[in-house]
Amino acid sequence: MSADYTEPVPFAEALRRTVARTGPFRQVVLWVHAQGRPQAYAAVAGTLADDALVVEVLGSGAAAPSAPELHPPGALGRFAYRSVVLGWQGAGPNTRWLDHAEISSGVLAALRASRDGRPDAGPYVVGRVRPWTDRPSARQGRGAHPARHMRAHGAGPPM
C-alpha cells in the first residue's frame, strides 16, 4: 500500500483497512520527515506483526559527524530494526545525490540483508557518507533530495 503520512487520520485508516484485509504487516519500509514521525510511527506500530521487521530510511544528515547514534524510534522499539542512510555518489567536486533507482536498489538490498538475519547490524549506507565535506549540499548550498514518501509492504511472500 502507499499512503500519505502527512494526513494522519486517512493514513491510519488506510493502514487499518489494509491490515483487516491482509493481516498484520511483517515488514515495513518507512521514509518519513522528522515532523511526521511521531504520528506516523505510532499508527504503523499498531499494525505490525510481533516478529515484524522495520526498515527506516534516513537522509544523509543521520550520518553527520555531529549526529546522535541511531536507535529504533520509540514507538517501534520492540521490533527488529534496521536504519538505511542515504548518501551520495561520486568523489571530490563531482558528487551528486542518489537517484531514485539507486535509492530503491539500496533500500531493497538493506531489506534483504535484514531479513536474512542481520537486522541490527547498524546502519546500512547507500552510496557514500564520508568525507562529510564531499556531500553535494556542502558545495552547492542546500541540495534537494529526491521526493520522500512512505511505503508499507504488508503480509505476503518475501520479495
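The values are calculated or read from the model by the stated rules, or taken from the named source; none is laboratory data. Note that the coordinates shown come from a computational prediction; the quantities given were computed from them, not determined experimentally. Using ideal geometry, Cβ is built from the backbone for each residue, glycine included, and neighbour counts are taken over all protein chains shown. The area values use the complete protein model at the heavy-atom level, side chains included, leaving out ligands, DNA and RNA. Shrake-Rupley method; radii C 1.70, N 1.55, O 1.52, S 1.80 Å.
Restricting region 15-47 to residues that are surrounded by fewer than 18 Cβ atoms within 10 Å (Cβ to Cβ) and hydrophobic (A, V, I, L, M, F, W, C), the residue that is nearest to ILE103 (Cα to Cα) is ALA34.
Answer yes or no as to whether VAL57 is β-branched (Val, Ile, Thr), surrounded by 15 or more Cβ atoms within 10 Å (Cβ to Cβ), at pLDDT 90 or above and touching a helix residue (DSSP H, G or I) at 6+ places or on another chain (Cβ under 9 Å). Spelling it out, VAL57 is indeed β-branched (Val, Ile, Thr), surrounded by 15 or more Cβ atoms within 10 Å (Cβ to Cβ), at pLDDT 90 or above and touching a helix residue (DSSP H, G or I) at 6+ places or on another chain (Cβ under 9 Å). If only residues of region 85-109 that are open to solvent by 60 Å² or more (accessible area, probe 1.4 Å) and within 20 Å of GLY122 (Cβ to Cβ) are counted, the one that is farthest from the chain's Cα centre (by Cα) is SER105. Screening the candidates ALA62, ALA12 for the property of being under 22 Å from ALA109 (Cβ atoms), among the small types (Gly, Ala, Ser), open to solvent by 10 Å² or more (accessible area, probe 1.4 Å) and outside any loop (DSSP other than H, G, I, E, B) yields one hit, ALA62.
For region 65-74, the set of residues classified as of a type in the set (A, V, I, L, M, F, W, C) and buried (at least 19 other Cβ atoms within 10 Å of the Cβ) is empty.
GLN39 satisfies every condition listed in (1) within 13 Å of the chain's Cα centre (by Cα); (2) without any contact (Cβ under 8 Å) to a residue 60 or more places away in the chain except (1). Taking every residue in region 121-136 that is in a strand (DSSP E or B) and pairing it with any residue that is hydrophobic (A, V, I, L, M, F, W, C) and surrounded by fewer than 17 Cβ atoms within 10 Å (Cβ to Cβ), at least 6 positions away or on another chain, the pairs with Cβ-Cβ distances below 7 Å are TYR124/ALA113.
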